[in-house]
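Taken together, the values in this text are just the output of simple stated rules run on the coordinates, not laboratory data. Keep in mind it's a predicted model, so treat the numbers as computed, not measured. Cβ coordinates were reconstructed from backbone atoms using ideal geometry, including for glycine residues, and neighbour counts include every protein chain displayed.
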Ligand code: PMP
């Protein structure tokens, strides 16, 4: 049996209530444990029990690897939230959106062309785009660095594939594609386009959009994501990729996603989104308060915006803080925070300057409280030494 509960590594004692004094604040990975209290509140309604005989075969009764009921739930959810157009679009599933990143690159690349597609993104960007494209090295596509290198390019023989993350990981900005023209294809990574992390100004209507339950319900370990695709040929090529790669997403993962979305859809999603938004809005407000005392550090600038889902102006509630060390001599922000007992992610991981550091705000409440305490210690230290 797996243990039901574990202490946060910074806590000890039989009931996990003793804070260990020499423990660093973990603000590194984007594990979305901030949603755990919501699921604890809905423990019974979100549970699934799968009998040993259940759905043992490869495919559903329509011979596909995609649950049509789950497709319907996904469309209903997008319609309620108003964050993506799904009418007349095709939907495929992936083992997390991670699997869909390369499926999309593959589908948007010209096949067996003398000129491979140039895959690009704008810094700061999610590092997996580069790492995966380079790892799945192909004659049809190659990673070609930052979009800024190609903005004024006259290269009309090449196809460009631009990754756009909106809201962006790490800085929460609602990015738009930079490259324009008939030879540019864009992959919109919409992992964070939910009312938890951003106001929803209008339904996204891009040619190829990627979503994931990892940041929607917080079930990153289930590995379930989906793509919404306008073009039928692109959809067919992605389907072939997913069929040859894994024969589709685990039926067990699809069943779990179905149950989770069922709970989210109850009461038209208000409960989850309200919980997630107010948690992250409070975290951002508290963090901003501390950093505003400091001249040494700054945060990304995000403004309140009208949200069509909540039908009101919403304060920022980003998944990550993109912290900048402002002093001339503080060239490595990671090391400065590490010395103060805070572990984030280096700017260079996102192809940005190491004066920047990403701090995850979507981890557990314990992790966040430890982070806030360490920051409170760091900021007055600065005042006293002024
Ligand atoms: N895109 C972005 C921008 C992400 O931040 C993440 C997760 N950190 C992913 C994709 C991958 O998510 P998944 O768990 O669905 O593979």
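Calculated over the chain, the projected area of the Cα convex hull averaged across directions stands at 21.5 nm². Applying Stokes-Einstein at 20 °C and 1.002 mPa s to the Kirkwood radius of the stretch 115-163, computed over alpha-carbon pairs, gives a translational diffusion coefficient of 195 µm² s⁻¹. Cut-off 10 angstrom, C-alpha nodes, Gaussian network model of the chain. Which of 11, 126, 306 fluctuates the most? Answer for the Gaussian network model of the chain: 11. Taking the fewest neighbouring Cβ atoms within 10 Å as the starting point, the ordered list for 67, 156 is 156, 67.
What the pair-distance distribution of the stretch 68-268 shows, using all Cα-Cα distances binned every 10 Å from zero, is 9, 37, 37, 15, 2, 0 percent. From its DSSP helices (H runs of at least four residues, each -39,500 (n - 2.57)), the chain gives a residue-normalised ellipticity at 222 nm of -10000 deg cm²/dmol.
Of the residues 255, 239, 361, the one that moves most in a GNM of the chain with alpha-carbon contacts below 10 Å is 255.
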